[in-house]
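Novice: Structure in structure tokens, see below.
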């Protein structure tokens, strides 16, 4: 089973960044849920890291859930200048990005603005993004939604993809929701 045209981009989920985020534990847990939901629905997962040599790889607990998922390293705050990422999205026929990660007012903001400017529909997974100061994240999320970028909890997004209880993955997804709540 797959969900054509949709991919999940998880940005800079690295230990040094997460340690500075007040909602660290929740973001780890919700990103794990998102990766499992994506696998269940056939949605590809992509990761980015910020200067991996200095700051480390994606959290092993998350990367291990999708070991085959590509991971691109970047030195820019935005992931959008990564030509390999853009090429992969085009190759995979992606038109809509589900975005999570760190940090909302910096890397998330710049990546989403770049993707949106290039015509990608984009949904922020509101329970999978975070930053050091909540008011910064709130201001950025509000600004992005004014540009037509959705910001929704991950369960809302995945239930919308399922659409109805007759979807073949509905029961498995419901079990996943119960185990990850």
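The values are calculated or read from the model by the stated rules, or taken from the named source; none is laboratory data. Only a predicted model underlies this, so the values are computations on that prediction, with no experimental measurement involved. Neighbour counts are summed over all protein chains in view; Cβ atoms, including those assigned to glycine, are modelled from backbone coordinates with ideal geometry.
Novice: Applying the selection to the range 75-98, what residues are touching a strand residue (DSSP E or B) at 6+ places or on another chain (Cβ under 8 Å), farther than 23 Å from residue 126 by Cβ and outside any loop (DSSP other than H, G, I, E, B)?
Specialist: Across the range 75-98, the qualifying residues are 84, 88.
Novice: If the requirement is being at pLDDT 95 or above, under 15 Å from the mean Cα position of the chain (by Cα) and in a helix (DSSP H, G or I), which of these qualifies: 49, 111?
Specialist: On the way: 49 fails: in a helix (DSSP H, G or I).
From the options 49, 111, the qualifying one is 111.
Novice: For the range 163-172, which positions are part of a helix (DSSP H, G or I) and either without any contact (Cβ under 8 Å) to a residue 60 or more places away in the chain or under 16 Å from residue 129 (Cα atoms) (or both)?
Specialist: Pass one, the range 163-172, residues part of a helix (DSSP H, G or I): 170-172.
Selection gives 170, 171.
Novice: Another question, then. Hey, among 89, 41, 13, which residue is crowded, with 22+ Cβ neighbours inside 10 Å and either at pLDDT 95 or above or out of contact with any helix residue (DSSP H, G or I) (no Cβ under 6 Å at 6 or more places or on another chain) (or both)?
Specialist: Among 89, 41, 13, only 13 is crowded, with 22+ Cβ neighbours inside 10 Å and either at pLDDT 95 or above or out of contact with any helix residue (DSSP H, G or I) (no Cβ under 6 Å at 6 or more places or on another chain) (or both).
Novice: Out of (1) buried (at least 16 other Cβ atoms within 10 Å of the Cβ); (2) under 17 Å from residue 150 (Cα atoms); (3) free of Cβ contacts under 8 Å to residues at least 60 places away in the same chain, what's the single condition that is false for residue 119?
Specialist: In the conditions (1) buried (at least 16 other Cβ atoms within 10 Å of the Cβ); (2) under 17 Å from residue 150 (Cα atoms); (3) free of Cβ contacts under 8 Å to residues at least 60 places away in the same chain, residue 119 misses (1) alone.
So that you can scan it fast, the table gives a plain yes or no per residue for (1) within 20 Å of residue 30 (Cβ to Cβ); (2) loosely packed, with under 15 Cβ neighbours inside 10 Å; (3) modelled with pLDDT of 95 or more; (4) touching a helix residue (DSSP H, G or I) at 6+ places or on another chain (Cβ under 6 Å):
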residue: 153; (1), (2), (3), (4): yes, yes, yes, no
residue: 157; (1), (2), (3), (4): yes, no, yes, no
residue: 178; (1), (2), (3), (4): yes, yes, no, no
residue: 181; (1), (2), (3), (4): yes, yes, no, no
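Novice: If you don't mind, there's one more thing I want to ask. Does residue 105 satisfy being touching a helix residue (DSSP H, G or I) at 6+ places or on another chain (Cβ under 9 Å), free of Cβ contacts under 8 Å to residues at least 40 places away in the same chain and either buried (at least 20 other Cβ atoms within 10 Å of the Cβ) or assigned to a helix (DSSP H, G or I) (or both)? Spell out the reasoning first.
Specialist: Numbers: touching a helix residue (DSSP H, G or I) at 6+ places or on another chain (Cβ under 9 Å): yes; free of Cβ contacts under 8 Å to residues at least 40 places away in the same chain: yes; either buried (at least 20 other Cβ atoms within 10 Å of the Cβ) or assigned to a helix (DSSP H, G or I) (or both): yes.
Taking the combined requirement at face value, the residue satisfies it.
Novice: Could you tell me which residue of the range 122-151 is nearest to residue 29 (Cα to Cα), considering only residues that are in contact (Cβ under 8 Å) with a residue 40 or more places away in the chain and not in a strand (DSSP E or B)?
Specialist: At the first step, the residues of the range 122-151 found to be in contact (Cβ under 8 Å) with a residue 40 or more places away in the chain are 125, 127-132, 134.
Keeping just the survivors that are not in a strand (DSSP E or B) gives 131-132, 134.
Values: 131: 16, 132: 18, 134: 19 Å.
Filtering the range 122-151 for residues that are in contact (Cβ under 8 Å) with a residue 40 or more places away in the chain and not in a strand (DSSP E or B), the one nearest to residue 29 (Cα to Cα) comes out as 131.
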